[in-house]
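The values are calculated or read from the model by the stated rules, or taken from the named source; none is laboratory data. This one's a predicted model, so the numbers in the text were calculated from it and none came from an experiment. Using ideal geometry, Cβ is built from the backbone for each residue, glycine included, and neighbour counts are taken over all protein chains shown.
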Amino acid sequence: MKFINLKLFRKEHGLTQQHLAEVLQLPQSTISYLENGLQEATDHLLNRIKGALKIDDIDGYIYERKTFNDSERLFLAKKKEKTAIFDMDWNELQPVEEIEGFQIVCKTGQISIAKDGTLLIDRNIGIGYRLNRYIIRPDKFDNPNLLLAISSRDWFDYDIFEDFKTAYYIGCRIAGVLPTEQLKVKVQT
């Protein structure tokens, strides 16, 4: 069966799932299925991508595999998570892991949120070498230039921006600070 590394394709062409779905006139769920290896990339679909985006060659993104990703295994893992018993205090933030000395209580995409509200942005997006995390402490949350400072980085893209917005509000809530209005500004990446 033929599959496409659609996530890499999107990143290299500056497309979000939503934008690609609109261009191809497909549901966003189809784009998600393709990215997760749960749907085969038919020749019709590949020709549709080439035509809609005016791209001649996408062979570098195509790969073959004998089976789909195991969606049943993913379903069972999520079901197991739902039935897990939490025997700790619901009012106390419980760390799920430790990263660089920070007790991580929550993750959203490439951003981890520490017990004190600190945000740790994972800058590694398959570039071949290891970059350390970009750390934003809660005392910097109200800096009006924070978003400009982050969005001007080479590794910052639309997906990280979406993750950052969610993590920022969670981090503000944990740290007990009010979020600023800066995230309402459209960021060009």
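Of everything in the stretch 43-68 that's assigned to a loop (DSSP other than H, G, I, E, B) and in contact with a strand residue (DSSP E or B) (Cβ under 9 Å, 6 or more places away or on another chain), which residue is farthest from residue 3 (Cα to Cα)? Please lay out each step first, then the result.
Step one: of the stretch 43-68, the residues assigned to a loop (DSSP other than H, G, I, E, B) are 54-58, 65-68.
Still in the running and in contact with a strand residue (DSSP E or B) (Cβ under 9 Å, 6 or more places away or on another chain): 58, 65, 68.
Numbers: 58: 12, 65: 7, 68: 9 Å.
Here the answer is 58.
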Is the stretch 88-108 home to any residue that is outside the structural domain of residue 11 (by TED's automatic domain parsing), exposed (fewer than 10 other Cβ atoms within 10 Å of the Cβ), closer than 22 Å to residue 15 by Cβ and at pLDDT below 85? no
Scope the stretch 109-124; condition closer than 13 Å to residue 95 by Cβ and either surrounded by fewer than 20 Cβ atoms within 10 Å (Cβ to Cβ) or polar (S, T, N, Q) (or both); matching residues: 112, 115, 116, 118
Taking the conditions exactly as written (modelled with pLDDT of 85 or more and not β-branched (Val, Ile, Thr)), does residue 37 satisfy them or not? no
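With respect to residue 48, is the statement that it is at pLDDT 85 or above and more than 30 Å from residue 115 (Cα to Cα) true?
Details: at pLDDT 85 or above: yes; more than 30 Å from residue 115 (Cα to Cα): yes.
Criteria met by residue 48.
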Selection from the stretch 27-42 of residues in a loop (DSSP other than H, G, I, E, B), under 21 Å from the mean Cα position of the chain (by Cα) and surrounded by 17 or more Cβ atoms within 10 Å (Cβ to Cβ) yields 37, 39
With the requirement that a residue be more than 18 Å from residue 146 (Cα to Cα) and among the charged types (D, E, K, R), what does the stretch 91-122 give you? 92, 97, 98, 100, 107, 115, 116
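State yes or no: is residue 17 surrounded by fewer than 16 Cβ atoms within 10 Å (Cβ to Cβ) and within 16 Å of the chain's Cα centre (by Cα)? Talk me through it step by step, then tell me what you get.
Working: surrounded by fewer than 16 Cβ atoms within 10 Å (Cβ to Cβ): no; within 16 Å of the chain's Cα centre (by Cα): yes.
Against the criterion (surrounded by fewer than 16 Cβ atoms within 10 Å (Cβ to Cβ) and within 16 Å of the chain's Cα centre (by Cα)), residue 17 does not qualify.
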